[in-house]
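Working notes for the structure below.
The values are calculated or read from the model by the stated rules, or taken from the named source; none is laboratory data. Computed from a prediction, not measured in an experiment: that's the story for all the values here. Positions of Cβ are backbone-derived with ideal geometry, glycine not excepted, and every protein chain shown enters the neighbour counts. The area values use the complete protein model at the heavy-atom level, side chains included, leaving out ligands, DNA and RNA. Shrake-Rupley method; radii C 1.70, N 1.55, O 1.52, S 1.80 Å.
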Amino acid sequence: TAPRPIRLNVNGCECDVPASSDTALLHVLRNDLALNGPKYGCGLGECGACTVLIDGVAARSCVIPVRAAQGRAVTTLEGLGTRQQPGSTQQAFIDCQAAQCGYCLNGMIMTVEALLRRNPNPSEEALRNELHHNLCRCGTHVEIMQAALRAVR
Ligand code: FES
């Protein structure tokens, strides 16, 4: 039998997805809702590429079953702004040209965004601590830190 649809609130929209409840949130976002901001990196909760906000808090969507997101507000990279009107954290990363391959940037941006929502004026050390567990295999950390500092508003 087909699984009962799961109701999610993603980027302010209510939607029903026909996923089984233990499917990883990341796969539902990407495959059912075509939200490809969050990336699949390690699938183990270790790299941060899949980061989304759940009720404003950074969360690794590759290890969160979709049922855990029911009744909560999920925000993806797409929810921060658009190509025409990027959000302020996104704009800071654009201004600093912080991408090399760009694969990790979803996680970097969402992690900085989550920090700024709970602390609008973090120190450089606080930013570094927050990004410590987000991996970038290109080694673009200098530009990423410049962008994170620029995003502090
Ligand atoms: Fe989720 Fe690496 S893909 S933490």
What tally of residues in the stretch 31-44 results from selecting those that are within 14 Å of the ligand (Cβ to nearest atom) and over 12 Å from the mean Cα position of the chain (by Cα)?
4
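Yes or no, residue by residue, for (1) closer than 14 Å to residue 77 by Cβ; (2) modelled with pLDDT of 95 or more; (3) touching a Pro at 6+ places or on another chain (Cβ under 7 Å):
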| residue | (1), (2), (3) |
| --- | --- |
| 9 | no, yes, no |
| 13 | no, yes, no |
| 29 | yes, yes, yes |
| 34 | yes, yes, no |
| 38 | yes, yes, no |
| 43 | no, yes, no |
| 47 | no, yes, no |
| 50 | yes, yes, yes |
| 53 | yes, yes, no |
(1) within 16 Å of the ligand (Cβ to nearest atom); (2) surrounded by fewer than 21 Cβ atoms within 10 Å (Cβ to Cβ); (3) part of a loop (DSSP other than H, G, I, E, B) all hold for residue 47 apart from (2)
Output the residues belonging to the stretch 43-60 that are over 21 Å from residue 71 (Cβ atoms) and either touching a residue at least 24 places away in the same chain (Cβ under 8 Å) or among the basic types (Lys, Arg) (or both).
46, 47, 48, 49
Failed criterion for residue 39 (all others in (1) out of contact with any helix residue (DSSP H, G or I) (no Cβ under 6 Å at 6 or more places or on another chain); (2) open to solvent by 40 Å² or more (accessible area, probe 1.4 Å) hold)
(1)
Hey, any hits in the stretch 84-103 for a residue that's within 14 Å of the ligand (Cβ to nearest atom) and buried (at least 17 other Cβ atoms within 10 Å of the Cβ)?
yes
